[in-house]
Structure formats: structure tokens, C-alpha cells
Amino acid sequence: MLKQTVSRLRFLLFSTLILSASCQQLNIVQELDNYKKSKEGQTGFRVLSTDPVSGTQNVGLSPIVSVVFSEPVNTSTVNANVTVRLGSCASTIVSAGYSSTSADFRTIVFNLTALANSTSYVICVEGGLTATNGETIGTKRYEAVFTTLGTGVPTITSITSSTTDGVYKAANLITIQMNVSEVVNVTGGTPSLILDSGANALYVSGTGTTTLVFEYNITVGNSSNDLNVTSINIPGGAFIQNASLNNLSLTLPAGNNLADLKNLQIDAVLPAPTSMNSPQTGNAQGPNAPITITLVYDNETSVNGTGVTITVAPLTLNLACSPAGNQFNCTGNLPATGVGSGTLSTVQITAGTITDAAGNNGTATTVPGTIDIPYNVP
């Protein structure tokens, strides 16, 4: 009897030692696992991922949103703690409860509809969410921001210029900025602004922003009292579009066009006389008679010049000219003898420098019309 009792005691002691060792081994494994997770920064019940991921742009207006967790989720705590909201986790909830879960309850799915375009939304996970093992998210709350696509059409809000107001002539450069309602991309070619000066401003930069920059190189013949954009040209194959590939509306901004915001005068027309007159026209003139001819520049506000002379045919009569407002007054005398009779007719500017108010230089030219001054110089 004593022998059997001793054997049983030995058996119980041995079993206790084995059980204790097994428990210690299990604790060591769990501690090692927890240590590994802590080193990776991935301990406990937490969000593993979202779809769409935070920062995603151009999400559709009826997206399927999902959140994946590290543990099976207690679904009774989902609707109060996992939401999709407008702009921030303190704003309006747009998700009317979750739609489904994965078979292991680790993924929560929302089927959203009728979201607004070009709008930011946030996937919010709050601290009251629990796993089926009772653990809560607690301080491991989570936010993921995404933005819906812009289905609206980008518009032109204003057209202005960084060039100082003033008068500009040929070879000057005017920089024009076209501001639009949202970020646009320019692809496939070079758009241009059609200007009322008779020229175009070509696109040079600004894709991927809300301001497109154009440059206007003034050429001879361009003219505008107050430079303005009359239309926009998009050549074949070129596009100005937002991220949703909607084309820019080409409607010009009423009250915010270039002439509304700036005062840029373009004068690249070379000064040239438009007509002439003389008090001697139709009146016969004799030897040494004074001749006065006025050259009129109707397209100019004023003209200046140095060393300007004209030659009057058929006598090759040279007259010296001086500026007066938008005219040149030219004076001289008929010869004393030896040219016979005839009629002074055409006039040619033959020398000197003529400059208009913008600084454009005129060139030698024939004055329009005839002067018709009869003469008789035996």
C-alpha cells in the first residue's frame, strides 16, 4: 500500500513539472511574438489598410470603400465608429452604415453613392471600435483622405498681365496671364489668345496650375488702343483639361478680361502720312515763289523728326520740314529761272528721321495724292 502511494505521488509531481514547463514555454513564445510586433510598431487591434488609400485623387462618385483590420471586428460597434465623412472626422457622415464584411470579419465595406465632385472625404475609425476578442482601437484611431473627381467644366476667371500699363511698339513683349477655376493641364499643342491688335499671344507655361501664361511679341502693323483678348484658339490635337479630362470652357470672363484689368496700348504702326495739303494748290506760282506743303498723319497723335525733307516732282524741288502735332510743315521756294511751266504734283519723303509717340520710326515713302500747284518759271 505504501509503495503504491509513493508511486502515485511521483507521477503527480512529474506531471506538475511537465505542465509547468509547457506553460512557461507558451508564455515565452507569446512574449517573443509581442516583442517582435512591438519592434515592428504593429501591436494590437489596428487598421491595416484602406481602399482608397489616403491621398487618392479622382475617386468616382459611387465608390466602394473598404477598411481592413488586424483582428475580426465586433460588427455591433462598426456603424458608430467606422464612418466616411465630408472633409474631416468632425464633419457630416455620408456613409449610412457599413454594407458588408469579409468572411473573417476583418474587412468592413461601404457602398457609397452620389458623392459630390471635386470634394474631399475622410475614412474615420474611432476609438470605440472593438474586435471580437474585446480589444478596442483606443488611441490607434485612423483617418484616410480621398478626393472625388471633378466632373465640372473648368472656366476662365480672369485675364490680366504682369506687364506695366503703357504704350508698346514693335519688338516689345507683353506677358499675359489667364486664370482658371481649377488646375488644368495643357497637352498636345500650343493654344493661343487672339488679340484685338491683329496678333496672337502664344502659350508658354502653367500646365498643372490654375494660371496659364502667354507671351505676345509685338510686330510691325499691330495696333490697339486698349489691348484685349477676343477669343481663344485651341489647335487640333491640343487640349486644356482638368484632371477629369473636361475641356476648359472658352467663354471669356465678362468684366475680367484683359482690357478691364489693364491699360496696354499697342502702337506698332510705322508713322506714314495719310494726306497732304497746300495753300498754293490750284494757284499759279512764279519765280522764287514760296511753297508750303503740310503732311498730315491722321493715325498718329503726334510726330517728331529731324532733318526731314521732301522732294516735289516734277521739279525735284526740295523742302525742309518741321513737326507740329500730328503734321509736318514743309517750306521752300521755286527756282528763280529756267524750269519753264508745269504743275507740282507728287511728293516723296526723301531724308530724315520721323518718329511717332510710341517710338516707331517712319521710312522714306510717297505721300498719298497729288498737290497740284501750277508754276511758270521761264
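Charged side chains reduced to their Cβ positions (Lys and Arg at +1, Asp and Glu at -1) give the chain a dipole of some 2180 debye around its Cα centre. Once every DSSP H run of n ≥ 4 in the chain is given -39500 (n - 2.57) and the sum is divided by its residues, what mean residue ellipticity at 222 nm do you get, rounded to the nearest 500 deg cm²/dmol? Rounded to the nearest 500, the figure is -4000 deg cm²/dmol. Put simply, the amide H of ASP196, placed in the peptide plane, has neighbours under 5 Å in ASN228, THR230, leaving out anything fewer than 5 places away on its chain. In terms of surrounding Cβ atoms within a 10 Å radius of their Cβ, LEU248, LEU61 rank from fewest to most as LEU61, LEU248. Computed from the Cβ-Cβ distance with R0 of 30 Å, the FRET efficiency linking LEU250 to ASP226 stands at 0.90.
What the phi angles of segment 206-217 give under the Karplus curve with 6.51, -1.76 and 1.60, with θ = phi - 60°, is a coupling list of x, 4, x, 10, 9, 10, 9, 10, 10, 10, 10, 8 Hz, glycine and proline written as x.
Farthest toward the positive end of the dipole of the chain, out of ALA116, GLY286, THR155, is the Cα of ALA116, where the dipole comes from beta carbon charges about the Cα centre. Using θ = phi - 60° in the Karplus curve 6.51 cos²θ - 1.76 cosθ + 1.60, the 3J(HN,Hα) couplings for segment 308-319 round to 7, 9, 10, 10, 10, 8, x, 8, 6, 7, 9, 10 Hz; x is entered for Gly and Pro. Normalised by the number of residues in segment 275-377, the mean separation of alpha-carbon contacts (under 8 Å, six or more apart) gives a relative contact order of 35 percent. Remark on LEU61: its backbone amide H falls under 5 Å from none of the residues 5 or more positions apart or on other chains, H modelled at 1.01 Å from N.
By how many degrees, between 0 and 90 and to the nearest 10, does the Cα long axis of helix 2-40 differ from the longest principal axis of the chain? Taking Cα atoms only, the helix is inclined about 0 degrees. Report, in whole Å, the centroid distance computed from the Cα atoms of segment 99-124 and segment 263-323. Using only Cα atoms, the two centres lie 82 Å from each other.
Distance between the 7 Å Cα→Cβ label points at ASN361 and THR301: 2.3 nm.
Each of ASP260, ASP356 was scored by other Cβ atoms within 10 Å of its Cβ. Arranged with the fewest first, they read ASP260, ASP356. For THR107, the amide hydrogen comes within under 5 Å of the amide hydrogens of PHE69, SER102, counting only partners 5 or more places away or on other chains and with H modelled in the peptide plane.
Any chance you could run the full-extension gain for ASN329 through ALA116? It's 0.36 nm times the residue separation minus the Cα-Cα distance, nm to one decimal.
Net length gain for the segment: 69.5 nm.
I need to check one value: relative contact order of the chain, counting alpha carbon pairs closer than 8 Å and at least 6 residues apart, in percent.
Working: 912 pairs, mean separation 42.9, N = 378.
Value for the chain: 11 percent.
Each reported figure results from applying straightforward, stated rules to the coordinates on display, with no laboratory input. Because the structure is a prediction, the values reported are computed rather than measured. As a convention, Cβ positions derive from the backbone with ideal geometry for all residues, glycine included, and neighbour counts pool all protein chains shown.
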